[in-house]
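Reading through the structure tokens given below for one structure.
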Amino acid sequence: SAVISQKPSRDICQRGTSLTIQCQVDSQVTMMFWYRQQPGQSLTLIATANQGSEATYESGFVIDKFPISRPNLTFSTLTVSNMSPEDSSIYLCSVGLGYEQYFGPGTRLTVT
Amino acid sequence: AQTVTQSQPEMSVQEAETVTLSCTYDTSENNYYLFWYKQPPSRQMILVIRQEAYKQQNATENRFSVNFQKAAKSFSLKISDSQLGDTAMYFCAFMKTFSGTYKYIFGTGTRLKVLA
């Protein structure tokens with residue numbers, strides 16, 4: 001398994017601003033994923049961020065809105081840009097070890 | 001496209017009893033992986049159990065076991081001797097591989113409450 005931390009754990013932001021979420025892993029991993037989850041609902045994959053390649057975005061998510069960085073094998077960031085209230089959600093990062101994914105604790109974002 | 005269906009939005013079970021959560025999926029692939037994840041209230045997602053499609057034997061992890069019916073595309077989770085700490089949202093997930101990478105497709109979840 002892996003120990004994954006995310007910063008911040010929660011934030012309240014004003015519309016039109018941007019927030020960068022950090023994801024740190026305690027071991028080197030190739031595959032990292034970013035998800036969005038409305039409270040009590042399922043997970044929606046935003047993008048896959050593999051080290052050494054550009055992030056791959058799912059339908060409905062674009063790089064200008066959700067830019068991702070993956071500078072090394074233990075760290076990634078997701079930025080939520082030009083936020084609107086519709087972006088209020090929980091954002092989760094996960095890492096792939098073999099075919100298993102391990103999740104961070106999430107960042108709860110509220111946009112006012 | 002692959003889909004994952006969890007038809008039970010909510011379930012409850014008495015402590016020490018057994019409960020089964022259902023999951024069906026749709027795929028044309030032959031080799032894949034299936035998972036159950038647990039998300040306790042306000043806590044982290046935890047991997048409960050996984051099943052490789054090429055294995056006929058059902059996976060077991062302590063009190064958790066699966067009933068994998070490949071032909072029926074069914075993947076249910078059985079929790080034996082339910083404990084209060086099993087109260088959580090449970091997600092079934094299908095893993096799709098492609099181009100040297102993979103992604104998960106999650107079901108909508110089943111909220112399980114264990115009653116004292």
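Based on every Cα atom in the stretch A:1-92, Rg and the maximum pairwise Cα distance Dmax equal 12.8, 37 Å. Working note: Karplus 6.51/-1.76/1.60 with θ = phi - 60° gives the stretch B:68-76 the couplings 9, 10, 5, 4, 7, 6, 10, 8, 9 Hz, where Gly and Pro are set to x. Roughly speaking, what is the centre-to-centre gap between the stretch A:46-112 and the stretch A:1-45 when only Cα atoms are used, to the nearest Å? Distance between centres, Cα-based: 6 Å.
For the protein assembly as shown, the solvent-accessible area with a 1.4 angstrom probe is 48 square angstrom per residue. Of the chymotrypsin sites (Phe, Trp or Tyr not before Pro) found in the stretch B:1-74, the ones in coil according to DSSP and having at most 13 other Cβ atoms within 10 Å of their Cβ are B:Tyr54.
If you count Lys pairs in the protein assembly as shown whose Cα atoms are under 27 Å apart, skipping same-chain pairs closer than 8 places in sequence, the total is 26. Globularity index of the protein assembly as shown is 1.03 (Cα radius of gyration / 2.2 N^0.38 Å, N = number of residues).
With 40 Å² as the minimum drop in accessible area between chain alone and full protein complex (1.4 Å probe), the qualifying residues in the stretch A:63-112 are A:Tyr99, A:Glu100, A:Gln101, A:Phe103. Residues of the stretch B:38-53 buried by at least 20 Å² of accessible area upon assembly of all protein chains, compared with the chain on its own (1.4 Å probe): B:Gln39, B:Gln44, B:Met45, B:Leu47, B:Arg50.
Per-atom-type breakdown for chain B gives carbon and sulfur 45% of the accessible area (1.4 Å probe, protein chains only).
The per residue volume of the convex hull around the alpha-carbon atoms of chain B is 102 Å³.
The values are calculated or read from the model by the stated rules, or taken from the named source; none is laboratory data. Source: prediction; values computed, not measured. For neighbour counting, all protein chains shown are included, and Cβ atoms are generated from backbone atoms with ideal geometry for every residue, glycine included. Please note that ligands, DNA and RNA were not included when accessible areas were found on the heavy atoms of the full protein model with its side chains. Shrake-Rupley method; radii C 1.70, N 1.55, O 1.52, S 1.80 Å.
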